[in-house]
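Worksheet for the structure shown next.
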Amino acid sequence: MTNLSVKLFDIKFKNPVWVASGTFGYGVEAQEIFDVSKLGAVVTKGISLKPRLGNETPRIVETPCGMLNSIGLQNPGVEKFLTEIYPKIEHLDTHFIANVFGESEEEYVEVCIALEDAPKVVAYELNVSCPNVKKGGIVFGHDPVVLGSLVESIKKRIKKPLLVKLSPNVTDVREFAKVCIESGADGLVLINTLLGMKINIRKKKPDLATKTGGLSGPAILPIAVRMIYQVYEAFGDQIPIIGVGGISTWEDALEHVMAGASAIQVGTANFFDPLAPIKVLEGIERYMKEEGIQDFSELIGVAHRSE
Ligand code: SIN
């Protein structure tokens with residue numbers, strides 16, 4: 001028997017394959033494509049206190065081996081999520097993790113508190129790494145003192161586990177991982193998008209209305225793997241890491257896991273292959289059978305032990 005389940009922050013996930021925030025909506029539309037209950041978890045699009053229209057268009061552009069987005073956290077707000085979207089997903093036999101965004105410390109706290117009574121939402125993924133907004137996002141994630149204070153004040157007022165999605169746009173991600181651990185975070189999610197730009201040589205200006213955007217897709221896989229490896233090496237015995245960044249195939253997912261991720265999120269691949277998460281799940285299971293590995297946990301961080 002192959003055991004793909006993982007227990008993280010006292011929650012049992014049926015498997016380690018999740019879908020990343022902003023690439024899967026809230027899981028409503030995907031139900032027409034495959035059985036969403038097969039996933040270990042769905043991470044929602046960022047949810048804020050008030051509805052947000054997001055940035056001006058164009059806000060997506062393709063790049064070599066990836067894409068740039070500058071959506072600006074468009075979402076209907078937490079109230080509408082709870083009254084209109086949540087009833088469409090609460091029957092699904094998977095966990096939901098709410099990606100939470102605020103323009104101030106109090107807004108982050110209020111969104112989490114509003115979600116405390118929604119049983120399908122089992123944890124929060126703190127968005128302190130969106131590079132596309134002027135308030136919130138990386139404003140919190142790029143200052144260790146501000147980040148520590150945010151994590152600490154949310155932790156004091158919530159019951160559910162708090163994961164922090166870190167920005168890769170920093171000199172040493174371990175500094176930020178350390179602050180999160182010391183402030184009480186239950187898990188780390190690595191990595192969000194890398195700040196980039198594409199210039200349209202016919203228009204002679206940047207393609208995106210906001211000029212810069214977040215780079216995701218296969219192009220960022222080695223960067224994500226490197227950062228997970230570094231954080232696992234430093235703190236792998238203290239906190240679980242969730243890997244996200246450039247995963248399109250089961251082989252990519254296993255690189256994240258062997259670097260130190262206890263679960264992974266499929267992101268941009270959902271846009272070009274909506275069945276990618278299922279293929280990743282099946283591929284991991286096949287690999288485990290071929291290699292005679294019975295428990296998925298044997299693979300977590302194995303690259304550190306094989307040197
Ligand atoms: C966005 O909505 O701009 C992207 C969200 C993110 O990068 O966290």
Look through segment 50-100, keep the residues that are in contact with a strand residue (DSSP E or B) (Cβ under 6 Å, 6 or more places away or on another chain) and assigned to a helix (DSSP H, G or I), and return whichever of them is nearest to LYS134 (Cα to Cα). VAL78
Return the pairs, sorted by first residue and then second, in which the second residue is in a strand (DSSP E or B) and open to solvent by 20 Å² or more (accessible area, probe 1.4 Å), the first residue lies in segment 18-34 and is closer than 16 Å to VAL266 by Cβ, the beta carbons are less than 8 Å apart, and the residues are 6+ apart or on different chains. GLY22/ASN69
Under 7 Å between Cβ atoms, at least 6 apart or on separate chains: pull out the pairs that start in segment 171-185 with a residue that is in contact (Cβ under 8 Å) with a residue 12 or more places away in the chain and at positive phi and end on any residue that is among the basic types (Lys, Arg) and open to solvent by less than 80 Å² (accessible area, probe 1.4 Å). GLY184/LYS155
Taking PRO58, is it of a type outside the set (S, T, N, Q), within 15 Å of the ligand (Cβ to nearest atom), in contact (Cβ under 8 Å) with a residue 60 or more places away in the chain and surrounded by fewer than 17 Cβ atoms within 10 Å (Cβ to Cβ)? yes
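A quick yes/no check of all residues on (1) within 23 Å of ILE284 (Cβ to Cβ); (2) open to solvent by 20 Å² or more (accessible area, probe 1.4 Å); (3) more than 16 Å from the ligand (Cβ to nearest atom):
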{"residue": "ILE201", "(1), (2), (3)": "no, yes, yes"}
{"residue": "LEU208", "(1), (2), (3)": "no, no, no"}
{"residue": "GLY213", "(1), (2), (3)": "no, no, no"}
{"residue": "GLY246", "(1), (2), (3)": "yes, no, no"}
{"residue": "THR249", "(1), (2), (3)": "yes, yes, yes"}
So which residues in segment 116-155 are open to solvent by 30 Å² or more (accessible area, probe 1.4 Å) and closer than 27 Å to ARG59 by Cβ, if there are any at all? LYS134, LYS135, ILE138, VAL139, HIS142, ASP143, VAL146
Answer with yes or no whether PRO131 is touching a residue at least 24 places away in the same chain (Cβ under 8 Å) and within 15 Å of the chain's Cα centre (by Cα). yes
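The rows are residues; the columns are (1) closer than 22 Å to ALA263 by Cα; (2) modelled with pLDDT of 95 or more; (3) away from the ligand (no atom under 15 Å from the Cβ).
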site	(1), (2), (3)
ALA118	no, yes, yes
GLU125	yes, yes, no
GLY136	no, no, no
VAL164	yes, yes, no
ARG174	yes, yes, yes
GLY187	yes, yes, yes
MET197	no, yes, no
Where VAL36 falls short, out of the listed (1) at negative phi; (2) open to solvent by 80 Å² or more (accessible area, probe 1.4 Å): (2)
Name every residue in segment 19-37 that is within 12 Å of the ligand (Cβ to nearest atom) and of a type in the set (S, T, N, Q), in order of residue number. SER21, THR23
If I ask for residues that are touching a helix residue (DSSP H, G or I) at 6+ places or on another chain (Cβ under 9 Å), more than 12 Å from the ligand (Cβ to nearest atom) and outside any loop (DSSP other than H, G, I, E, B), which ones from segment 38-49 would you list? LYS38, VAL42
Could you check how many residues of segment 1-33 are part of a loop (DSSP other than H, G, I, E, B) and open to solvent by less than 10 Å² (accessible area, probe 1.4 Å)? 4
Give the residue that is most open to solvent (accessible area, probe 1.4 Å), with candidates limited to residues of segment 63-115 that are within 16 Å of the ligand (Cβ to nearest atom) and acidic (Asp, Glu). GLU103
Sole exception among (1) closer than 19 Å to GLY66 by Cβ; (2) over 19 Å from the mean Cα position of the chain (by Cα) for PHE296, by number: (1)
Among the residues of segment 101-126, which ones are closer than 18 Å to GLU152 by Cα, small (Gly, Ala, Ser) and in a loop (DSSP other than H, G, I, E, B)? GLY102, SER104
Looking at segment 156-170, which of the residues that are part of a loop (DSSP other than H, G, I, E, B) and among the basic types (Lys, Arg) is most open to solvent (accessible area, probe 1.4 Å)? LYS159
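The values are calculated or read from the model by the stated rules, or taken from the named source; none is laboratory data. Since this is a predicted model, take the numbers as computed values, not measurements. We place every Cβ from the backbone using ideal geometry, glycine too, and count neighbours over all the protein chains shown. When the accessible area is computed, the model is the full protein with side chains, heavy atoms only, and any ligands, DNA or RNA have been set aside. Shrake-Rupley method; radii C 1.70, N 1.55, O 1.52, S 1.80 Å.
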